[in-house]
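Written below as structure tokens is the structure these notes are about.
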Ligand code: CAA
Ligand code: NAI
């Protein structure tokens with residue numbers, strides 16, 4: 001767990017050895033304590049260097065240990081003892097120094113960083129705070145404003161920025177460990193008192209209260225309802241106003257309030273869920289670690305609309321050459337200019353040069369014969385997509401992978417019109433595709449494991465969080481969205497307003513309420529889908545009751561809004577009104593109020609006061625209920641996959657963990673009871689009927705999310 005050796009006759013070199021990130025598990029803490037004791041007591045040792053094996057200093061506390069009782073030596077006294085020691089200790093930082101790892105570096109008397117190293121205190125992203133003295137030492141070292149920024153955001157910084165801020169003493173391009181050993185030898189004769197960060201006085205700005213107030217406001221606005229950043233601010237205030245011995249106690253009290261909170265559990269769950277999602281597994285036995293992806297050097301995108309442009313940018317910025325295809329010259333030229341502008345802005349932001357030389361634009365599919373992979377992003381029209389896939393099948397060399405960005409159509413039906421169904425897979429990006437991190441990889445029943453592995457690995461290369469899902473209408477994300485949207489519109493009928501529903505969801509932590517989100521995405525999209533599926537428009541039988549379709553409750557209000565030409569932000573009017581078409585400042589619109597009132601009076605609906613609790617329960621439990629069905633149907637392999645999709649694709653708040661984790665946090669019994677209650681009140685809404693899996697899990701004692709898989713006996717997995 002830590003290797004101890006004597007180098008250069010008098011330097012004790014302590015190497016943390018806990019792969020992959022040298023996390024500070026109880027065994028590692030124990031090994032550090034023993035090694036330090038040995039070094040401080042051995043008269044041959046004049047200085048100490050601490051480094052990490054495999055070019056990684058330390059990734060912080062072992063997060064997996066948070067679930068159990070504390071074992072091994074606690075970190076604070078261990079770190080205090082290192083700092084108080086009478087021999088100089090130098091941290092040799094390579095790779096990462098994060099969380100407790102950064103705090104370990106802060107108690108060393110000197111810090112040498114490799115130029116590629118990254119440092120940070122990401123505890124806030126795990127719902128806790130740096131509780132091994134980080135909130136007390138960092139402000140003393142770099143001042144309150146800079147420390148506040150790093151601690152409340154959890155941002156990782158480069159070695160160069162750390163040098164500028166005064167966190168590290170030297171940045172090197174050589175082996176940091178060797179440089180640190182030489183540095184330690186030179187430090188032997190020097191006094192240590194000024195190097196003990198906890199002994200420094202925090203440089204305190206005169207307007208401390210105003211500064212803390214401003215940061216508090218900023219944090220509250222950015223992370224509504226999230227506790228950890230606020231606790232971080234209080235801990236930093238203690239560093240400014242109290243001696244270290246008292247400040248560290250305050251840090252520990254604040255940590256105690258966070259550590260066992262639901263938010264901390266949810267955020268830590270998100271950390272592992274994201275990593276679990278990358279480890280896809282198919283019932284056939286093919287999985288992430290036994291299926292080799294193909295190398296993709298060139299790709300083609302068909303359709304340079306909203307999605308196609310972003311996909312081109314995502315590919316080109318990781319060095320893949322891209323041929324972009326449009327149907328008409330004018331559209332091609334517009335798309336080209338947009339893509340070039342997006343790539344240039346992106347490159348400028350990242351401080352690199354735009355890879356425009358990787359792009360080619362064409363009107364002819366014939367140009368695609370040699371590419372490794374094609375992603376189709378034409379209109380959501382099955383007949384058109386089938387024609388494109390047939391054509392691709394003829395044009396592309398037999399080994400080319402054919403992918404579709406459809407948001408919900410049958411991937412297998414597209415595979416069926418090609419000469420290579422095993423090389424067809426869905427790659428469902430989210431808008432804007434060069435920004436959004438989520439990629440659903442839709443596995444058709446005939447997609448080969450190599451094809452899936454290639455799509456998953458290409459997603460990772462583009463910096464996406466890729467999740468493998470099965471093939472059904474809407475896949476995972478959009479299939480679950482329907483019951484969620486339905487509940488929101490039913491609540492409108494019953495008496496709520498768009499702004500009330502949005503506020504409840506935004507207070508819960510969603511990036512955007514459902515109506516604001518719909519206005520942004522464009523209301524016409526869903527209207528077109530509803531017309532095509534016979535739910536509205538001229539094909540609907542006039543004898544059909546207006547608020548029922550296909551045997552279940554239907555809310556025609558969204559159609560009425562569209563009939564007025566209100567398509568959302570793009571037309572300046574939707575569920576809200578905007579200053580101008582394309583405007584983003586949503587204001588409640590009295591015309592929508594009138595529409596709702598007239599609608600209710602036409603159908604004799606007595607509006608009632610609807611509580612925020614009812615809004616949250618009906619929207620979120622209906623969402624999760626569909627998630628349980630998705631697990632039953634084998635469309636998602638694990639609850640973690642569903643949660644990751646909602647966290648990265650639909651703005652579900654991380655401190656809620658995702659819809660499935662949230663259900664388990666609320667308690668499955670309660671979710672079941674509320675769904676039964678709402679289903680009884682609305683028997684014509686099948687989405688409110690509790691799913692058999694939910695009932696089964698409750699009957700089995702509501703096991704934790706990680707154990708649900710054991711209870712899902714999928715007969716016919718779609719993965
Ligand atoms: N504890 C436990 N496991 C960890 C870990 C940690 N701190 N950091 C990473 N891991 C695990 C991951 O779960 C993953 O495990 P699997 O292979 O089983 O999936 C493995 O290590 C590799 O991790 P990544 O896939 O994330 O590897 P990467 O190279 O992409 O990223 C990293 C490396 C930047 C260190 C990233 O893992 C990371 O950000 N880790 C978390 C860092 C962190 O938040 N530290 C603070 C911990 S809290 C703390 O320290 C509190 C305190 O005050 C004492
Ligand atoms: P869009 O309407 O903005 O763009 C489609 C583009 O395809 C148009 O520029 C059109 O000219 C072009 N096109 C049509 N036929 C073509 C052909 N035969 N050859 C070459 N180009 C052709 O549509 P958008 O929004 O980009 O959607 C594309 C696909 O992505 C759809 O399947 C959609 O369901 C899916 N999708 C859309 C999302 C969104 O938020 N807009 C999100 C995720 C998926």
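Each residue in 524, 502, 643 was given a count of other beta-carbon atoms within 10 angstrom of its own, and listing them fewest first yields 524, 502, 643.
For the chain, the share of DSSP beta bridges that are antiparallel, to the nearest 5, is 30%.
Between residue 539 and residue 707, residue separation times 0.36 nm minus the direct Cα-Cα distance comes to 55.8 nm.
For the stretch 378-523, the average shadow cast by the Cα convex hull is 9.7 nm², which is a quarter of the hull's surface. Label zone of residue 611 (point 7 Å out along Cα→Cβ, amide N under 19 Å): in the stretch 251-275 this covers no residue at all. For the stretch 275-340, the alpha-carbon radius of gyration amounts to 1.50 times the rule-of-thumb value 2.2 N^0.38 Å expected for a compact globular protein. Just the projected area, averaged over all directions, of the convex hull on the alpha carbon atoms of the chain: how many nm²? Approximately 34.0 nm², given one-decimal rounding. When each of 372, 507 is scored by the number of other beta-carbon atoms lying within 10 Å, the sequence from fewest to most is 507, 372.
What the Kirkwood sum gives for the stretch 595-719 is a hydrodynamic radius of 15.6 Å, with every pair of different alpha carbons counted.
Taking one quarter of the surface of the C-alpha convex hull of the stretch 163-269 gives a mean projected area of 10.2 nm². Peptides 245-257, 60-72 ordered by packing proxy, namely the average of other Cβ atoms within 10 Å per residue, highest first: 245-257, 60-72.
Remark: C-alpha extents of the stretch 2-259 on the principal axes read 54, 40, 33 Å, sorted largest to smallest. Sorted fewest first by neighbouring Cβ atoms within 10 angstrom, 451, 135, 536 come out as 536, 451, 135. Sorted from longest to shortest, the spans of the Cα atoms of the stretch 519-566 along the three principal axes equal 32, 17, 17 Å.
Computed over the stretch 496-602, the range of Cα coordinates on each principal axis works out to 40, 25, 25 Å, biggest value leading. Multiplying the residue separation of residue 386 and residue 30 by 0.36 nm and subtracting their alpha-carbon distance yields 121.9 nm.
One chain, two ends: residue 256 and residue 330. Fully extended at 0.36 nm per residue, the span grows by 20.5 nm beyond their Cα-Cα distance.
By the helix-only formula, in which each DSSP H run with n ≥ 4 contributes -39500 (n - 2.57) and the sum is divided by residues, the chain has a 222 nm mean residue ellipticity of -14000 deg cm²/dmol.
Within the stretch 2-259, antiparallel bridges make up roughly 30 percent of the DSSP beta bridges whose residues both belong there.
Contact order for the stretch 298-471, expressed relative to its length and based on alpha carbon pairs under 8 Å spaced 6+ residues apart, stands at 20 percent. Here residue 8 and residue 160 are evaluated by their C-beta separation; at R0 = 35 Å the FRET efficiency comes out at 0.80. Within the stretch 298-471, the ratio Rg/Rh, alpha carbon atoms throughout and Rh by Kirkwood, equals 0.94. Scaled against 2.2 N^0.38 Å for its residue count N, the alpha carbon radius of gyration of the stretch 126-211 is 1.27. Approximating the spin labels as points 7 Å out from Cα along Cα→Cβ, the residue 194-to-residue 174 distance works out to 2.5 nm.
Stokes-Einstein, applied to the Kirkwood radius of the stretch 211-280 over Cα pairs at a viscosity of 1.567 mPa s and 4 °C, places its translational diffusion at 94 µm² s⁻¹. Debye sum, Cα scatterers, the stretch 599-672, no solvent: what log₁₀ I/I(0) at q = 0.14, 0.23, 0.26 1/Å? For the stretch 599-672 at q = 0.14, 0.23, 0.26 Å⁻¹, log10 I(q)/I(0) is -0.52, -1.01, -1.23.
Under 25 °C and 0.890 mPa s, how fast does the stretch 239-386 diffuse according to Stokes-Einstein, given a Kirkwood radius computed over C-alpha pairs? Answer in µm²/s, whole number. D, rounded to a whole number, is 125 µm²/s.
Here, each number is a calculation from the coordinates, and none is a lab measurement. No experiment lies behind these values; they were computed from the predicted model shown. Positions of Cβ are backbone-derived with ideal geometry, glycine not excepted, and every protein chain shown enters the neighbour counts.
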